[in-house]
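The values are calculated or read from the model by the stated rules, or taken from the named source; none is laboratory data. Note that this is a predicted model, so its numbers are computed, not measured. For neighbour counting, all protein chains shown are included, and Cβ atoms are generated from backbone atoms with ideal geometry for every residue, glycine included.
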Amino acid sequence: REGQLLYDMAQPLVESLDGLLPRFREKVSGLDAGELNIAANSSTILYLLPKIVENFRQQHPDVRLTLHNAISADGTDLLRSDAADLAIGSMMDVPADLSYAPVYRFEQVLITPPDHPLAKKKNLTLEDLSPWPLILPPRRQITWRLVDLVFQQHRVPYTVALEVGGWEVIKQYVAMGMGISIVTALCLNDSDRDKLATRAMSDYFPSRSYGVVVRRGKVLSPQARAFVELIQPDLFAPRQYDDTGHSER
């Protein structure tokens, strides 16, 4: 009788323990989905990431996603301190403690006002750009370094009239006639057709790569791996620029 009494008392407790884990997961659903921290500069967040983030949010709505707006140096610091799981952006020189996997490539394009003399000039050369003032991102950023490298390699003088952050601001100032610029095709869209002329400069400026940066030896979380899997090379169709200032897909 004592055994039967003990069994009757213990049975509900055992059954309760058996169902503890699924009930616990049910009550904290969303809380145990984890979080994901991604470092990227403002241009990458504005032009490259929206499609990827949208797909990620649809497939993993419970993951808490944070986009850290950072220039390249700040992004690598966030990786090294584990404040960011990965970074998305462009790199020229990859430090030994980081790994960079390029995924996308975008052409470097000259932009001018539609009525600018360079907009319709045939056989455009680097020397043709030399007399015109340039509007570029700040000196510490990759675009400025790439432009400087190309002009220095070809021993062509150039003048930077204005340094300003953000491609949208640069495009606006070029449209106002304050200067010309070399930008990545990623930042150009159909709404720019009426206010900007675009010319291919692939004979002088190499295409710009964008990809995933992680700290070497770091094991990516399931959330980070899921995000990386959504970064597909064919997500952005390359835009081709002709000699008339127009673009074609």
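Values for this structure:
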| item | result |
| --- | --- |
| Scan of the range 188-230 for residues that are of a type in the set (D, E, K, R) and assigned to a strand (DSSP E or B), ordered by number | R199, R208, R215 |
| Enumeration of residues in the range 103-162 that are basic (K, R) and out of contact with any strand residue (DSSP E or B) (no Cβ under 6 Å at 6 or more places or on another chain) | K120, K121, K122, R139, R140, R145, R155 |
| Per-region count, the range 209-240, residues modelled with pLDDT of 90 or more and more than 23 Å from P61 (Cα to Cα) | 7 |
| Conditions (1) in a loop (DSSP other than H, G, I, E, B); (2) in the same structural domain as A197 (by TED's automatic domain parsing); (3) touching an Asp or Glu at 6+ places or on another chain (Cβ under 9 Å): number failed by L118 | (1) |
| Residue check, R199 under 19 Å from T125 (Cα atoms) and either in the same structural domain as S42 (by TED's automatic domain parsing) or surrounded by 20 or more Cβ atoms within 10 Å (Cβ to Cβ) (or both) | yes |
| Verdict on G89 being surrounded by 14 or more Cβ atoms within 10 Å (Cβ to Cβ), touching a residue at least 60 places away in the same chain (Cβ under 8 Å), out of contact with any helix residue (DSSP H, G or I) (no Cβ under 6 Å at 6 or more places or on another chain) and of a type in the set (G, A, S) | no |
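Results for (1) modelled with pLDDT under 90; (2) in contact with a Leu (Cβ under 6 Å, 6 or more places away or on another chain); (3) aliphatic (A, V, I, L, M), shown as yes or no for each residue.
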residue: P117; (1), (2), (3): no, no, no
residue: K122; (1), (2), (3): yes, no, no
residue: T125; (1), (2), (3): no, no, no
residue: L129; (1), (2), (3): no, no, yes
residue: I142; (1), (2), (3): yes, no, yes
residue: H154; (1), (2), (3): no, yes, no
residue: L162; (1), (2), (3): no, no, yes
residue: Q172; (1), (2), (3): no, no, no
residue: A200; (1), (2), (3): no, no, yes
